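The values are calculated or read from the model by the stated rules, or taken from the named source; none is laboratory data. Computed from a prediction, not measured in an experiment: that's the story for all the values here. Here the Cβ positions follow ideal geometry from the backbone for every residue, glycine too, while neighbour counts run over all protein chains shown. Each accessible area value is taken on the protein alone, full model and side chains, heavy atoms only, with ligands, DNA and RNA left out. Shrake-Rupley method; radii C 1.70, N 1.55, O 1.52, S 1.80 Å.
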Amino acid sequence: MQTELADFARQHADGPEAADILRACVHCGFCTATCPTYQLFGDELDGPRGRIYLIKQVLEGQAPTERTQLHLDRCLTCRACETACPSGVKYGRLVEIGRELLAERRPRGWRAQAARRALAWVLTGGAFAPLLAVGRLLRPVLPMRLGAQLAPARAAGTWPRTPRARRMLLLAGCVQPALAPNINAATARVFDALGIEVLTVARAGCCGALRHHLDQQAAAREDMRRNIDAWWPAIEAGAEAILVNASGCGTMLKDYGVLLRADPAYAAKAARISALARDLCEVLPPLVAALAPRLGPAVSTRVVFHPPCSLQHGQQLRGVVEGMLVALGAQVLPFADAPLCCGSAGTYSLLQPAVSATLRERKLAALTAPRPEVILSANIGCLTQLSGGATPVQHWIEWLDERLR
Amino acid sequence: MESAVVESRPEVLAALARILPREALLVEAEDTRPYECDGLTLIRQRPMAVALPQTEAQVVAVLRLCHRLGVPVVPRGAGTGLAGSALPDAGGVLLSMARFNRILAVDRRACTATVEPGVRNLAISEAAAPQGLYYAPDPSSQVACTIGGNVAENSGGVHCLKYGLTLHNVLRVRGYTVDGEAVEFGSLAPDAAGLDLLALVVGSEGMLAVTMEVTVRLVPRPELARCIMASFADVAQAGDAVAALIAAGIIPAGLEMLDQAASRLVEPFAHAGYDLEAAAVLLCESDGTPEEVEEEIAHMSQVLRAAQATRIQVSRDEAERLKFWAGRKNAFPAAGRAAPAYYCTDGTIPRKHIGQMLKSIQAMERRYGLSCPNVFHAGDGNLHPLVLFDDSDPDSVARAEAFGAEILEESVRLGGTVTGEHGVGMEKLNQMCSQFDRPTLDAFAAVKRAFDPAGTLNPGKVIPSLHRCAEYGRQRVVGGALPHPELPRF
Amino acid sequence: MDATLGQLVEQVRGATQARTPLRIRAGGSKDFYGNPSRGQILDPRPWQGIEAYDPSELVVTARAGTRLAELEAVLAAQGQMLAFEPPHFGPDATVGGCVAAGLAGPRRASAGYTHGGLRDFLLGARLLDGRGQLLRFGGTVMKNVAGYDVARVLAGSLGVLGLLVDVSLKVLPLPRAEVTLRFELGEAQALERLCDWQGRPLPVSGSAWCQGALTVRLSGAEAALAAARGRLGGEAIAAADASAFWQDLREHQLEWFAGELPLWRLAVPPQAPPLALVGAQLIEWGGGQRWLRSAQAPARIREEAARLGGHATLFRGGDRAGGVFSPLNPALLAIHRRLKQAFDPAGIFNPDRLVQGL
Ligand SMILES: Cc1cc2nc3c(=O)[nH]c(=O)nc-3n(C[C@H](O)[C@H](O)[C@H](O)COP(=O)(O)OP(=O)(O)OC[C@H]3O[C@@H](n4cnc5c(N)ncnc54)[C@H](O)[C@@H]3O)c2cc1C
Ligand code: SF4
Ligand code: SF4
């Protein structure tokens, strides 16, 4: 699509990249079909093709109003549109740039800014765990849904401490250790069973995605640099990979290289981090054969796997987890509309609660239609979003961990 | 068919605001610009307003109001049309039917589905799948395009050689004429009394009535389908192979061609496994009972081999078959990887001229300095040359338009038509002057008036004005060849 | 312009000027059909012959006055056919009359694309309108959406919009093999069975139920027929008897069609239950076309057809003065009037024949 960048956009560091992405879009509309918000609203402006147009208008220098803001805010950044796009339009990147430019051109009101800052602080800083504890205490008096989602955490169990020859770093995450401490521990146990030692580094924290998606790009880059510094010694010492068991964070890590490319001090290191980042499902499949003899029978064999958007669209890893589960004896049930987002989308569920709730309902209906015993997924956001219904929800690594003998 | 706007803009908008909820009416440029074109981005126009009704009563109210005030109404589905049929009218309301996306009924006994107009083509087949049925017409855009748009364009698909176009698979259309009067065309019985108005409404590009509900015929999913991918060293040979298959008494379930440039375009996205060394590949499908398919695949392979196919590969399983088609179906937008824009034309010619036409297009590529991959419904003789150009370069745009126009003129010259399935819209108005004489064009205008006497439903499309044809006639020499094809003319 | 065609044009122009009605009539094989009409005879038979036929294009273009039997013989010689199996109703039936009547035979209700009536196979037509102009709609290619599909509207128009001059029809290869099966079944069971088959991938290409017997034809590759026969059961009928049966059904020569009682044609959704009407029935098209011999009041018969979601035509015999087709609702009638006005402003062609007063 033809685009005439306005001066400010041409001079902006990301302007030319955005223009290139726009040029690739041929306005065919294939992407609208897989867009969750287009399905809900039926308005071009709430679909990828319309959002691309809105971003184009910003780049071309037209003054955006709160409506452009609204439509971009409603985007889940699930990137289903990217998977659907035959023309290879990198929508995820475009909307990031679009949001950044929009924030510059049309700063949010102070209330909205403050709320976003507070949210970022609560979720990534030290305050989340204590608040969560309070929430859990208050569960009986909270509204149904929120209460349901604050179900008690599964106990983490023991963390294997045996030193191994092969070592991999693990991104511990920010909200996950508080919400579901068992996921990291289960990861460590499964890898330990395969003779791989999993390390976490205390100083590493949030991957930066939370702040990145709350219009705090500068702060997000701070998160990234802090993590790089924290991991660097272990990487120099030969850690093979940086494992990620929350696909949302994995997508972010894989973008470090792009996001810090203009930072001379960190560009090279960031690229190395991106190259080392691996979702669990990129590492485990070749080792499945070795794992099989160590496994007992599964508690639940009829499973559905909800592929997080960050996994299937963000990292384009489709069918890998499912294939592995089948190889490990699970009956993976098909369900409708697998490419659609569950509505969690990081902080989206907090900022757009109505849309998020509708998408959750639809997703749960689709997932439970084939009557599974358990819903498996691969990202903390989705796990939280989908929990609280009649069917239990687990990270697939936990399902695997339960079978370790 | 100029329409007179009787009321001024603010009054019309105020009146619309009284009948539509806030989120169902877009009026600011910021909101209406993303609606300024459909899948054809060469022609753009912002509407006065976009209406996004959610109830049938709102549709009727918008129609009545606009009719009373003399305001043009342009219906829109998913906006994937490639001819600008859903191009907004500057002084009119763009009536989006996208929110009507419910499947009302799938009837296994009757083998029908009744759906709202905004339901996506593919969603119908998905809903019918548990009954072992599907909706046969499968335009490449089927993931996104709506049945309302399909009805308006009489859309075809890669399987319509055997299973027919939209027209052959729609039983009944319920809707409204431009004045908000309820009408029903066709019926659930094999035919309806009186003239076959359904045949007029299907393919009328939203100019005769607004579709509110469609009942389509569903067909049983064949037990088995397998697809042959045949390679050819020369495009003309591939063209001849198409005629040879038909002459052998075979009606393949699908018969499509991609030339080398086209297969190289899609392969990176679709990983379809196309033979990238072949000058052209033919996809040739057989469906039916396993015995029947086996017999037919053997017969087809034999004919293809006799027609100089250099390689024949038969899909081994359903996954591979779907891959073959995925490449084909994603071909147009994949052009976006190779160039900022593509211009897809839609001429249909007698099958026997395919080879010759492809050669002519190759010559045009050199003349216009633009490349043009070809991917098309070979079995129907329906071409889709994709002229690749740069839409930020006016010279490139002009060359692309002239290139497209010349292909269409050539289609008419070879005894074909300027559009097989995408419609005339705004895009092919000029070529309509070449294909039809004035009395016939006037007859089209009279048909339009029979449904829409005031001419406010999707005005200005399909039927070129006398003036336009006169202008166009001055530009071209009789016989279709442009005197100076290198000059921009639009 | 060819002199023969020129004469037809002249006759039309003259009639328009004088506002004298014209009754288009060629072989007269379908004189019995439609509402009574009036006017001077306009006979297109001098304008006859096949204009173009290229078997590998699957299209034939013929002049309106061409004998239908001649056209079908030419196609058969190339192993092709008119897949809608039009009834001739007499040796003199012409191509133009066939298209104008829009009737189809047993093969109308086949699986796949052959599933279609005459209009589904009509690709293009040339029309001589009421102004004496020759208009060309559609064309000779399979897919064509340039302009409104006026050609298809001419199918079954009974000549009210003008004189068909030439038509281009899609043709299909003759089936590689056919087999006819018979089942002893009552009406309700037969309808149920047909309904079930429709939803399954079976190569059914004709069905007829009457007097306790359901006859079904299958067409396609040998392998497909063998598989389908295995699934359907029934008793196979000798090939010669079978082809005589389908031919007689198509031409209304079966014993069932003899007699004087009015013959009604009810077009209903195929899955509709048995008719609540008195009279003998012959059911075709998987249940979609129900022939009825009945002296019941026309209003009652129309009411029943409408109740089931269809319409009824007094096909042959009976009192035709009250109109033989189901009446149109006002919105559609208004469109019909304006279309008539557009093509035939002087109202000379076949007055009343399709719609009374039109
Ligand atoms: C990549 C690509 C591939 C394509 N492949 C094919 C193909 O293989 N075959 C094919 O036939 N087409 C194809 N198309 C064209 C297009 O998808 C079809 O024309 C489709 O039917 C348009 O549907 P839509 O819902 O997008 O309608 P729109 O583009 O929104 O509108 C099309 C027309 O329909 C009218 N309309 C829409 N809804 C209504 C309604 N409810 N009532 C009245 N009028 C209405 C509009 O006024 C307009 O005239 C392709 C397009 C693209 C972009
Ligand atoms: S990222 Fe998701 S929500 Fe956003 S436009 Fe794409 S598909 Fe829609
Ligand atoms: S699918 Fe890709 S090319 Fe098509 S409209 Fe969407 S982003 Fe643009």
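So for chain A: antiparallel DSSP bridges make up what percent, rounded to the nearest 5?
Antiparallel bridges: around 5 percent, rounded to the nearest 5.
Taking every pair of Cα atoms in segment A:330-405, average 1/r, invert it to obtain the Kirkwood radius, and report Rg/Rh to two decimals.
Looking at segment A:330-405, the ratio lands at 0.98.
Please report, in debye to the nearest 20, how large the charge dipole of chain B is about its Cα centre when each Lys and Arg carries +1 at its beta carbon and each Asp and Glu carries -1 there.
440 debye
Could you grab the relative contact order for segment B:108-220? Cα pairs under 8 Å, six or more apart, rounded to a whole percent.
This gives 34 percent for segment B:108-220.
What angle do you read, to the nearest 10 degrees and between 0 and 90, between the alpha-carbon axis of helix C:330-343 and the longest principal axis of chain C?
The answer is roughly 50 degrees.
Testing the spin-label approximation: label points 7 Å from Cα along Cα→Cβ at B:ARG22 and C:ALA244. State their distance in nm.
8.0 nm
Among the residues of segment A:1-37, which ones have their accessible area go down by 50 Å² or more when all the protein chains sit together, as opposed to their chain alone (1.4 Å probe)?
Output list: A:GLN2, A:ARG23, A:VAL26, A:HIS27, A:PHE30, A:ALA33.
Just the number, please: Stokes-Einstein D of segment B:108-220 in µm²/s, Kirkwood Rh from C-alpha pairs, 25 °C, 0.890 mPa s.
Translational D for this selection: 177 µm²/s.
Angle check, please: helix C:298-307 long axis (alpha carbons) against the longest principal axis of chain C (alpha carbons), in degrees 0 to 90, nearest 10.
With both axes taken from Cα atoms, the answer is about 70 degrees.
Set the Förster distance to 45 Å, then compute FRET efficiency between A:ARG261 and B:LEU13 from the Cβ-Cβ distance, nearest 0.05.
Calculated value: 0.45.
Rounded to the nearest 20 debye, what is the charge dipole size of chain A about its Cα centre when +1 sits on each Lys and Arg Cβ and -1 on each Asp and Glu Cβ?
With only Lys, Arg, Asp and Glu charged at Cβ, the dipole is about 760 debye.
State, to one decimal in nm², a quarter of the convex hull surface area for the C-alpha atoms of chain C, i.e. the direction-averaged projected area.
Computed as one quarter of the Cα hull surface, the answer is 17.6 nm².
Could you compute how fast chain B diffuses translationally, taking Rh as the Kirkwood radius over C-alpha pairs and applying Stokes-Einstein at 20 °C with viscosity 1.002 mPa s? Give it in µm² per second.
92 µm²/s
Multiply the residue separation of B:ARG311 and B:ARG366 by 0.36 nm, subtract the distance between their alpha-carbon atoms, and state the gained length in nm to one decimal.
Gain in length upon complete extension: 16.9 nm.
How big is the gap, in Å, between the Cα center of segment B:77-102 and the Cα center of segment C:154-177?
34 Å
Top mean-square fluctuation among A:ALA193, A:ALA120, A:ALA185, Gaussian network model of chain A, C-alpha springs under 10 Å?
A:ALA193
Can you compute the charge dipole magnitude of segment B:139-268 about its Cα centre, using +1 on each Lys and Arg Cβ and -1 on each Asp and Glu Cβ, nothing else charged? Give it in debye, rounded to the nearest 20.
Dipole magnitude for segment B:139-268 comes out near 420 debye.
Placing +1 on the Cβ of each Lys and Arg and -1 on the Cβ of each Asp and Glu in segment A:7-105, which of A:CYS25, A:LEU45, A:GLN11 has its Cα farthest towards the positive end of the resulting dipole?
So the residue furthest toward the plus end is A:CYS25.
Each label point is 7 Å from the Cα along the Cα-to-Cβ direction; what then is the distance between the points at C:GLN40 and A:GLU66, in nm?
If labels sit at C:GLN40 and A:GLU66, their model points lie 7.7 nm apart.
Under a plain spin-label model, where a point goes 7 Å from the Cα along Cα-to-Cβ, how far apart in nm are C:GLN7 and C:ARG300?
It works out to 5.1 nm between the two label points.
With a 1.4 Å probe on protein heavy atoms only, work out how much accessible surface B and C bury together, total over both chains, in Å² to the nearest 100.
6400 Å²
Please work out the average accessible area per residue across chain C, using the 1.4 Å probe convention, and give it in Å².
Heavy-atom SASA per residue in chain C reads 35 Å².
Suppose all protein chains stay in the model; what accessible area per residue would a 1.4 Å probe give for chain B, in Å²?
31 Å²
Pull up the DSSP beta bridges for segment C:3-173 and report the antiparallel fraction as a percent, rounded to 5.
90 percent
So what are segment B:9-96's ellipsoid semi-axes, whole angstrom, largest first, if each one is the square root of 5 times an eigenvalue of the alpha-carbon gyration tensor?
The three semi-axes for segment B:9-96 are 21, 13, 12 Å.
Keeping all protein chains in place, calculate the accessible area per residue for segment A:256-363 (probe 1.4 angstrom), answer in Å².
Here the residues of segment A:256-363 average 41 Å² of exposed surface.
Using only the alpha carbons, work out the radius of gyration and Dmax of segment C:1-126 in angstrom.
Reported Rg and Dmax, both Å: 15.7, 49.
What FRET efficiency do you get for B:ALA298 and A:ARG294 if R0 is 35 Å and r is their Cβ-Cβ distance, rounded to the nearest 0.05?
0.10
Dividing the alpha-carbon radius of gyration of the protein assembly as shown by 2.2 N^0.38 Å (N being the number of residues), what value is obtained?
Ratio of Rg to 2.2 N^0.38 Å for the protein assembly as shown: 0.99.
How well do other chains shield peptide A:83-94, expressed as the mean number of their Cβ atoms within 10 Å of each residue Cβ?
Partner Cβ neighbours, averaged per residue: 4.
Compute the Rg to Rh ratio over segment A:163-217 from the alpha carbon atoms, using the Kirkwood formula for Rh, and round to two decimal places.
1.08
In segment C:196-222, whose amide N lies under 16 Å from the spot 7 Å out along Cα-to-Cβ of C:ALA236? List them in ranges.
C:203, C:216-222
Estimate the FRET efficiency between C:ASP92 and B:LEU276 by the formula 1/(1 + (r/R0)^6), using the beta-carbon distance for r and 51 Å for R0, to the nearest 0.05.
0.30
Taking every Cα atom in segment B:371-478, find the radius of gyration and the maximum pairwise distance Dmax, and write them in Å.
Values for segment B:371-478 (Cα only, Rg and Dmax): 15.3, 44 Å.
Over all distinct Cα pairs, what is the inverse of the mean 1/r for segment A:7-105, reported as the Kirkwood hydrodynamic radius in Å?
13.2 Å
What percentage of the solvent-accessible surface of segment A:175-219, computed with a 1.4 Å probe over protein heavy atoms, is contributed by carbon and sulfur atoms?
Summing carbon and sulfur atoms, their accessible area is 58 percent of the total for segment A:175-219.
Just from its helices, what would the mean residue ellipticity at 222 nm be for the protein assembly as shown, if runs of 4 or more DSSP H residues each count -39500 (n - 2.57) and the sum is divided by every residue, rounded to the nearest 500 deg cm²/dmol?
Helices in the protein assembly as shown give a 222 nm mean residue ellipticity of -11000 deg cm²/dmol.
If you average 1/r over all unlike Cα pairs in segment B:295-452 and invert the result, what Kirkwood radius do you get in angstrom?
17.8 Å
Peptide A:181-191: average number of partner chain Cβ atoms within 10 Å per residue?
Counting Cβ atoms of other protein chains within 10 Å of each residue's Cβ and averaging gives 0.
Mind grabbing the interface size between B and A? I mean buried accessible area, both sides, 1.4 Å probe, in Å² to the nearest hundred.
The contact between A and B buries close to 2900 Å².
How far is helix C:3-18 tilted off the main Cα axis of chain C, in degrees rounded to 10, range 0 to 90?
Helix C:3-18 sits at roughly 70 degrees to that axis.
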